[in-house]
């Protein structure tokens, strides 16, 4: 067994990597499917545990799905495909069918060459760490050849894609939106050429909106390519040009949503939580006047919420950690600056479509524009720099980096923050600094990023 196969495979958002390369090669994906089915048999005491699978629009998705199906069926499980559907769509269907587990084949906001596998419990939560470790062990110990003959066992592999997708759309329209009327509202939707490319426009049209969909022509290779939640410029320009009331940008698997107001101003997850927290507090829905966010959440949100008597609790970065704290504290709202927002009373999975529907409900109920709703939110200057690294050495084991970070924190005092961490899904060190002086935080962040690059930076491709 080589050292590559000894590495931990599940990160904060499932398994992710280059499609076709370990652990997303054909043999490993089949091993994942068979391992999952075997562990579900043990947990459910069922001879034929049920699995639901869905994927985004990457060209590698169909082949990975076929291999996963082969593995599940070979191990005696039943599996149903929802085809191209959002990550939270799989989470919803897993709990509503119900299935014993749901599997999403997606690399979220990553480029098309990447893909990933994340697994949901029937509750909608991501798979427990203990089961992830067991599946990792099975992947490492998988034989060189896996029998794929069972892939053709149609009795245990079902297709009703259109019905399943429509079931999810109906849930959003009637249960979440409560038949919200968007008549007369013009909305621009950036689908990121991803999993929401059909679902999002259909949903908002059915609610009465005049929809202008962009980046909704997936080719398998253009997912997230200069579009979606990581590239807002095109959406900003289009919202202004079309005199739209709102712009919505999804990422590749639509578990996050970011917004643009009618004036073309960007509204991120922090500003979205400000609007939602105020609205929920006014309706008595914000339990204990508490919002859960992450270490990357802008200090301005904490200050603004405090002015309304709302507390902010921070977690590590990752919607998994936000959800854990939401469930521990029984809070009603949590999320990330990146646009992952979770309403545990509705869903335990972040869902960009639910976030958009909730924000539109506030706009309609309050009869206010998004610009009006965000007017009292003031963002502190913040800079985030990513440094590609060759290895993720603990920062405390890099004396020069540790020392400089300490001096920066001392200089910032109580009027700023430094967050230094590694990405959970990519070989990146993330340097985030915020404070009152924009020039100061930019200089501090660049100096620290340059030092990290000199110490452990990877050669540019």
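The values are calculated or read from the model by the stated rules, or taken from the named source; none is laboratory data. Small disclaimer: the values here were computed from a predicted structure and weren't measured. Heads up, the Cβs are rebuilt from the backbone with ideal geometry, glycines too, and the neighbour counts pull from every protein chain shown.
Answer yes if at least one residue in region 183-194 is within 23 Å of the chain's Cα centre (by Cα), under 29 Å from residue 31 (Cα atoms) and modelled with pLDDT of 90 or more, and no otherwise. Checking region 183-194: at least one residue is within 23 Å of the chain's Cα centre (by Cα), under 29 Å from residue 31 (Cα atoms) and modelled with pLDDT of 90 or more. Within region 401-439, count every residue that is more than 14 Å from residue 299 (Cβ to Cβ) and not in a loop (DSSP other than H, G, I, E, B). Going through region 401-439 one residue at a time, the tally reaches 18. Is it fair to say residue 187 is assigned by TED's automatic domain parsing to the domain that holds residue 263 and surrounded by fewer than 22 Cβ atoms within 10 Å (Cβ to Cβ)? When the stated conditions are applied, residue 187 does not pass them.
Within region 317-374, considering only helices (runs of 4 or more DSSP H) that don't extend past its boundaries, which have at least 2 residues that are out of contact with any helix residue (DSSP H, G or I) (no Cβ under 9 Å at 6 or more places or on another chain)? Steps first, answer last, please.
On the way: elements: 319-329, 352-366, 370-373.
Filter on region 317-374 gives 319-329.
For region 242-264, filtered to residues that are in contact with a strand residue (DSSP E or B) (Cβ under 9 Å, 6 or more places away or on another chain) and farther than 21 Å from residue 193 by Cα, the residue that is surrounded by the fewest Cβ atoms within 10 Å (Cβ to Cβ) is 243.
Against the definition (at pLDDT 90 or above, out of contact with any strand residue (DSSP E or B) (no Cβ under 7 Å at 6 or more places or on another chain) and in a loop (DSSP other than H, G, I, E, B)), how does residue 98 come out, yes or no? When the stated conditions are applied, residue 98 passes them. From the list 83, 54, pick out the single residue that is surrounded by fewer than 19 Cβ atoms within 10 Å (Cβ to Cβ) and either in contact with a helix residue (DSSP H, G or I) (Cβ under 6 Å, 6 or more places away or on another chain) or modelled with pLDDT of 95 or more (or both). Every option except 83 fails the conditions. Residue count for region 252-308 satisfying the condition of being part of a loop (DSSP other than H, G, I, E, B) and touching a residue at least 24 places away in the same chain (Cβ under 8 Å): 17. Filtered by the rule that a residue be surrounded by fewer than 19 Cβ atoms within 10 Å (Cβ to Cβ), at pLDDT 80 or above and assigned to a helix (DSSP H, G or I), region 139-168 gives 140, 161, 162, 163, 166, 167.
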